[in-house]
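Q: Below is one structure. I have some questions about it.
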Amino acid sequence: MLRIAICDDQPKELAIINEHITEYLDTHTLEAEVRSFSHPDQLLTAIESESFHLYILDIVMPMVSGIELGKEIRRLDREAQIIYATTEPQFALQAYAASPINYLVKPVEKQTLFDTLTLAISKADLAEEQTFAVKTADSLRVIKLSEILCCEYSNHAVLFWLSNGEKVQSRTIRENFTEYTSLILKDRHFLQCHTSFVVNLRRVERFAKDSFTLCDGKMIPIAVKQYAAVRDTYMDYLMARRRSDD
């Protein structure tokens, strides 16, 4: 399901954007979850444990500007779509540090917003809502692939590092690590870079010859013998993402 977050400290503006989005969704018969945030801190807290496909942000807000908010969203999620809607046109150049899909000046013209929403939704990766069932020692846990930072094989079990800081450990597995994670690896965002690690490329902040660094600072090793293949796969992934953004 499409997930949209709106952040604006002005209640009237927040309501207007919300009404426009509701009308757009009804007109296009789209199902979506729309969350409204009246303070950037509320959204920052939310994205510590959940993600959205599309963010609509004001720029001039208390404590944290929309530009800084957009940069933090982009740090955590390279592929989320960001739209700025603000009364201040002079921040347009600075705003592009967060790679927004558009910069709209209030009062937002409804059709312009609708056209931007159409473009943003066409680029949104809704496939991230796929899940993976993990049998733990005492239960069955269903995890969204988008929440997985990486998977680590250790002592015949798999440890799932999640975006909210949680760790979920599987019970002892009989198959090898690659076989166990085969369904995850079918998703283009995931790559096995080491005998014991699968990484979510969406969560990569830095790539080096011997490791990936994730958005939470965790370092994932790259096997020496796999470096060339890992590098080529990651470069292909980045190129495909850039093409989708054009």
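Q: Identify all residues within the range 101-139 that are modelled with pLDDT under 90 and part of a strand (DSSP E or B); write none if there are none.
A: Within the range 101-139, THR131 is the sole residue that qualifies.
Q: Give the number of residues within the range 78-95 that are closer than 17 Å to GLN10 by Cα and in contact (Cβ under 8 Å) with a residue 40 or more places away in the chain.
A: Count: 1.
Q: Need the failing condition index for TYR153 against (1) out of contact with any helix residue (DSSP H, G or I) (no Cβ under 9 Å at 6 or more places or on another chain); (2) hydroxyl-bearing (Ser, Thr, Tyr); (3) not in a helix (DSSP H, G or I), just the number.
A: Unmet condition: (1).
Q: For the range 5-34, which residues satisfy the criterion of being exposed (fewer than 15 other Cβ atoms within 10 Å of the Cβ) and under 16 Å from TYR55 (Cβ atoms)?
A: Answer for the range 5-34, where residues must be exposed (fewer than 15 other Cβ atoms within 10 Å of the Cβ) and under 16 Å from TYR55 (Cβ atoms): just GLU33.
Q: Based on this model, can you work out whether LEU140 counts as within 30 Å of THR45 (Cα to Cα) and surrounded by 16 or more Cβ atoms within 10 Å (Cβ to Cβ)?
A: Values: within 30 Å of THR45 (Cα to Cα): yes; surrounded by 16 or more Cβ atoms within 10 Å (Cβ to Cβ): no.
Spelling it out, it is not the case that LEU140 is within 30 Å of THR45 (Cα to Cα) and surrounded by 16 or more Cβ atoms within 10 Å (Cβ to Cβ).
Q: Being surrounded by 21 or more Cβ atoms within 10 Å (Cβ to Cβ), touching a residue at least 60 places away in the same chain (Cβ under 8 Å), assigned to a loop (DSSP other than H, G, I, E, B) and not assigned by TED's automatic domain parsing to the domain that holds GLY165, is that true of even one residue in the range 58-77?
A: Yes, the conditions are met somewhere in the range 58-77.
Q: For the range 28-46, does any single residue satisfy the condition of being over 30 Å from GLY165 (Cα atoms) and not hydrophobic (A, V, I, L, M, F, W, C)? Spell out how you get there, then give the answer.
A: Residues of the range 28-46 that are over 30 Å from GLY165 (Cα atoms), as a first pass: 28-30.
Keeping just the survivors that are not hydrophobic (A, V, I, L, M, F, W, C) gives 28-29.
Checked the range 28-46: at least one residue is over 30 Å from GLY165 (Cα atoms) and not hydrophobic (A, V, I, L, M, F, W, C).
Q: Right, another one. How about the range 156-246: which strands (runs of 3 or more DSSP E) wholly inside it have at least 1 residues that are within 17 Å of the chain's Cα centre (by Cα) and touching a residue at least 40 places away in the same chain (Cβ under 8 Å)? Write out each step before concluding.
A: On the way: elements: 157-162, 167-169, 190-194, 197-200, 204-207, 211-214, 219-221.
Counting at least 1 such residues, we get 157-162, 190-194, 197-200, 204-207, 211-214.
Q: Working carefully through the options GLU68, GLU19, find the one that is among the acidic types (Asp, Glu), out of contact with any strand residue (DSSP E or B) (no Cβ under 6 Å at 6 or more places or on another chain) and either more than 26 Å from LEU201 (Cα to Cα) or modelled with pLDDT under 90 (or both).
A: Working: GLU68 fails: either more than 26 Å from LEU201 (Cα to Cα) or modelled with pLDDT under 90 (or both).
The match here is GLU19.
The values are calculated or read from the model by the stated rules, or taken from the named source; none is laboratory data. From a predicted model like this one, the values you see are computed outputs, not experimental measurements. Note that we place each Cβ from the backbone using ideal geometry, even for glycine, and neighbour counts take in every protein chain shown.
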